[in-house]
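Reviewing the structure listed below.
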Amino acid sequence: MKLFTIDDDELIHKLYGLYLNELMSGYEMESFFNGYDAIKYFEDYLSANFNSPDLILLDINMPIMDGVEFLKEFEKVAPLLSKVPSIFIVTSSLQDEDYLKSLNYVTGVFNKPILKHTLKDMIFNQMQYD
Amino acid sequence: MSLYSIPIEDSEKEAERIKELDSYQILDTLPENKYDDITRLASYICGTDVSLITLLDSERNWYKSIKGETGLTSREIPRDISFCKVAIQGDGLYEIKDTLKEDQWKDNPIVTEQNVRYYAGYPLVSPNGFKLGTLCVVERRPMALNQSQKEALRTLANSVVSHFELDKSREIVRKKNKDLAEVNARLYQFAKMIAHDLKSPLQSIKSLYELMRHDEENAQQYKEKMLAYLDRMGQMIDGLLAFSRNNLKSLKKEEISTGNLIKSLMERLNVREISFTVPEDMPTLKTESVLLEIIFQNLISNSIKYCNCEFTTIEVGVSSHDPLIFFVKDNGPGISPEVGDRIFDPFERLENAEFKDGNGIGLYTVRTILMQRGCDIWFESEPNQGTTFFFEWKI
């Protein structure tokens, strides 16, 4: 299981790490502090034919490149990935939930912070899907 | 007697009269049926060919309604040659039974060129007692009105004023409705902004609580951060209350001396042992003093709060008159360049030491007020030398 967490709040990354430690052994997690860094990662590693993540936890309000902009950029790289990840938006943004759900590649929208069992469900569903 | 022997009005009173006339916003508007009905009625009743509703502007006699053939190509004549100019100086009917028999009028171009021989006009008196113009009847032969005709003309003159009044109130209501809609839209935006600003620290507190549950080793560290976020929320709510108290008052523009405003603000802040200077020649403005007060209060109290030096000096003044730019200068610790404009954000990283006792909603409120009127705010700062906040103010 490979996860990307994209959030400008360091505490959130830490929290995800703690949850994952309790939930499973042998996961891989990459943390990004804005959408741009994550997109850059995809672009840089595409040529290296790396393993794409299974799950992306995406914040909306971030500096440099926010979550919505990230999703737009992601549309360009997605067709080139070996496998399309499930993207969950995890945000305290007041943006319309229906709008966020309607965005391409978005599997679900959750309020920040998510609890451990929510992350567990996400991972469980993802594993079944695989 | 000639035309020029007409007494010159008290210029101050005349200026007030013109102001009253302008308040009706009727000059240069299009003809309207309700006024044309009145002039038509006036000419029927009085048996004249012509009837007019006239308004005396500073230079001209302008006609709101014209019934009959005046022989004029425009809807106005120069004020100085008008009968109405004289008519509005009296309280009752001004009647000229035969213009050719009166020295004052016989050489007047209206008489010599338009052949006007008869004039009768009632002043249009506003509820405040200003004579705005006349309802008059005009004829090209000498004549006289009987008592009933005179009374009818007076009644019609009063109903012209009633229509003016009604139109004016309607315009006021329309404008108030528009203002209300704007205020509502602003309140909605503001509520949204506040909801977001309160939700964000709440989310952080919840995250910290989760971290505490899953990482007991570092619980103490999370607790402290939590407390800091809670304090911050408290500060925000306090600032919000202060802001809404002021914001809900209708923001009237009033004539204020900014120097006095700042001095009384300092008295209310009740601070001692602070050297405070404000120059004597601070400008006097007609503006929303409440907003200026919130801005100065926030900037000055920030300076006081964060000056941890022994001897605090604060200087307020104007750095430019056009555009108008105020400044608030202190000798505090300064704002580090890394922080920059983030100082205006309502909630910033608590990890950053500079924000520990941050400016909360204060500076945020200040910037919101200024942004709403298209004004800028910025600062210059030297570490350990002090900070100067500048802001523009459009009246």
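The values are calculated or read from the model by the stated rules, or taken from the named source; none is laboratory data. Everything numeric in this text was worked out from a predicted model, so none of it was measured. Neighbour counts are summed over all protein chains in view; Cβ atoms, including those assigned to glycine, are modelled from backbone coordinates with ideal geometry.
May I ask you to list the residues in the stretch B:317-340 that are within 26 Å of the chain's Cα centre (by Cα) and of a type outside the set (Asp, Glu)? Quick ask: steps written out before the conclusion?
Going through the stretch B:317-340, the residues within 26 Å of the chain's Cα centre (by Cα) turn out to be B:317-327.
Result: B:Gly317, B:Val318, B:Ser319, B:Ser320, B:His321, B:Pro323, B:Leu324, B:Ile325, B:Phe326, B:Phe327.
Any residue at all in the stretch A:28-47 that's within 24 Å of B:Tyr209 (Cβ to Cβ), under 13 Å from the mean Cα position of the chain (by Cα), more than 14 Å from chain B (Cβ to nearest Cβ) and free of Cβ contacts under 8 Å to residues at least 40 places away in the same chain?
Yes: one or more hits.
So how many residues does the stretch A:18-27 have that are touching a residue at least 24 places away in the same chain (Cβ under 8 Å) and surrounded by fewer than 15 Cβ atoms within 10 Å (Cβ to Cβ)?
Going residue by residue through the stretch A:18-27, those that are touching a residue at least 24 places away in the same chain (Cβ under 8 Å) are A:19-20, A:22-24, A:26-27.
Filter once more, so that each one left must be surrounded by fewer than 15 Cβ atoms within 10 Å (Cβ to Cβ): A:22, A:24, A:26.
Here the count works out to 3.
With in a helix (DSSP H, G or I) and more than 42 Å from the chain's Cα centre (by Cα) as the only criterion, which of B:Ser169, B:Ser200, B:Ser162, B:Ser204 stands out? Steps first, answer last, please.
Values: B:Ser169 fails: more than 42 Å from the chain's Cα centre (by Cα); B:Ser200 fails: more than 42 Å from the chain's Cα centre (by Cα); B:Ser162 fails: more than 42 Å from the chain's Cα centre (by Cα).
The match here is B:Ser204.
Scanning for something without any contact (Cβ under 8 Å) to a residue 12 or more places away in the chain and charged (D, E, K, R), does the stretch B:160-168 turn up at least one residue?
Within the stretch B:160-168, the first condition is being without any contact (Cβ under 8 Å) to a residue 12 or more places away in the chain, and the residues that meet it are B:162, B:166.
Add one more test, that the residue is charged (D, E, K, R), and what stays is none.
No; the residues of the stretch B:160-168 include none that is without any contact (Cβ under 8 Å) to a residue 12 or more places away in the chain and charged (D, E, K, R).
Quick one: in the stretch A:48-78, which of the residues that are among the β-branched types (Val, Ile, Thr) and within 14 Å of the chain's Cα centre (by Cα) is nearest to A:Thr107 (Cα to Cα)?
Step one: filter the stretch A:48-78 for residues among the β-branched types (Val, Ile, Thr), giving A:56, A:60, A:64, A:68, A:77.
Among the residues that remain, those that are also within 14 Å of the chain's Cα centre (by Cα) are: A:56, A:60, A:68.
Values: A:Ile56: 10, A:Ile60: 15, A:Val68: 14 Å.
Ranking the qualifying residues of the stretch A:48-78, first place goes to A:Ile56.
Residues that are touching an Asp or Glu at 6+ places or on another chain (Cβ under 9 Å): list the helices (runs of 4 or more DSSP H) wholly contained in the stretch A:13-130 that include at least 2 such residues.
Details: elements: A:35-46, A:67-77, A:97-102, A:116-129.
Answer list for the stretch A:13-130: A:35-46, A:67-77, A:116-129.
State the number of residues belonging to the stretch B:197-225 that are basic (Lys, Arg), closer than 18 Å to A:Thr91 by Cβ and at pLDDT 90 or above. Write out each step before concluding.
Step one: list which residues in the stretch B:197-225 are basic (Lys, Arg), which gives B:199, B:206, B:213, B:223, B:225.
Those left that are additionally closer than 18 Å to A:Thr91 by Cβ: B:199, B:206.
Of the ones still in play, those that are also at pLDDT 90 or above are B:206.
Final tally of qualifying residues: 1.
Tell me, yes or no, whether the stretch B:140-151 has at least one residue that is surrounded by 16 or more Cβ atoms within 10 Å (Cβ to Cβ), farther than 30 Å from A:Asn21 by Cβ and within 14 Å of chain A (Cβ to nearest Cβ).
no
Which of (1) part of a helix (DSSP H, G or I); (2) buried (at least 16 other Cβ atoms within 10 Å of the Cβ) is the odd one out, the single condition B:Lys223 does not satisfy?
(2)
Of the residues that sit in the stretch B:135-144 and are hydrophobic (A, V, I, L, M, F, W, C) and in a strand (DSSP E or B), which one is nearest to B:Ile38 (Cα to Cα)? Steps first, answer last, please.
Keep residues of the stretch B:135-144 that are hydrophobic (A, V, I, L, M, F, W, C), which gives B:135-138, B:143-144.
Then drop every residue that is not in a strand (DSSP E or B), which leaves B:135-138.
Working: B:Leu135: 9, B:Cys136: 11, B:Val137: 11, B:Val138: 15 Å.
Filtering first and then ranking leaves B:Leu135.
Are any of the residues in the stretch A:2-17 more than 14 Å from chain B (Cβ to nearest Cβ) and either surrounded by fewer than 21 Cβ atoms within 10 Å (Cβ to Cβ) or modelled with pLDDT under 85 (or both)? Lay out the reasoning, then the answer.
Our first condition is that a residue be more than 14 Å from chain B (Cβ to nearest Cβ); within the stretch A:2-17, this holds for A:2-4, A:6.
From the residues that got through so far, the ones that are either surrounded by fewer than 21 Cβ atoms within 10 Å (Cβ to Cβ) or modelled with pLDDT under 85 (or both) too are A:2.
Yes, some residue in the stretch A:2-17 is more than 14 Å from chain B (Cβ to nearest Cβ) and either surrounded by fewer than 21 Cβ atoms within 10 Å (Cβ to Cβ) or modelled with pLDDT under 85 (or both).
Looking at (1) free of Cβ contacts under 8 Å to residues at least 60 places away in the same chain; (2) of a type in the set (A, V, I, L, M); (3) within 13 Å of chain A (Cβ to nearest Cβ), which one does B:Ala228 not meet, given that it meets all the others?
(1)
Restricting attention to the stretch A:58-80, does a residue exist that is under 20 Å from A:Asp121 (Cα atoms) and more than 14 Å from chain B (Cβ to nearest Cβ)?
In the first step, residues of the stretch A:58-80 are kept if they are under 20 Å from A:Asp121 (Cα atoms); the result is A:58-59.
Filter once more, keeping what is more than 14 Å from chain B (Cβ to nearest Cβ): A:58.
Yes: the stretch A:58-80 contains one or more residues that are under 20 Å from A:Asp121 (Cα atoms) and more than 14 Å from chain B (Cβ to nearest Cβ).
What number of residues within the stretch A:1-17 satisfy the criterion of being of a type in the set (Lys, Arg) and in contact (Cβ under 8 Å) with a residue 40 or more places away in the chain? Spell out how you get there, then give the answer.
Initial filter on the stretch A:1-17 (of a type in the set (Lys, Arg)): A:2, A:14.
Applying the additional criterion that residues be in contact (Cβ under 8 Å) with a residue 40 or more places away in the chain yields A:2.
So the count comes out to 1.
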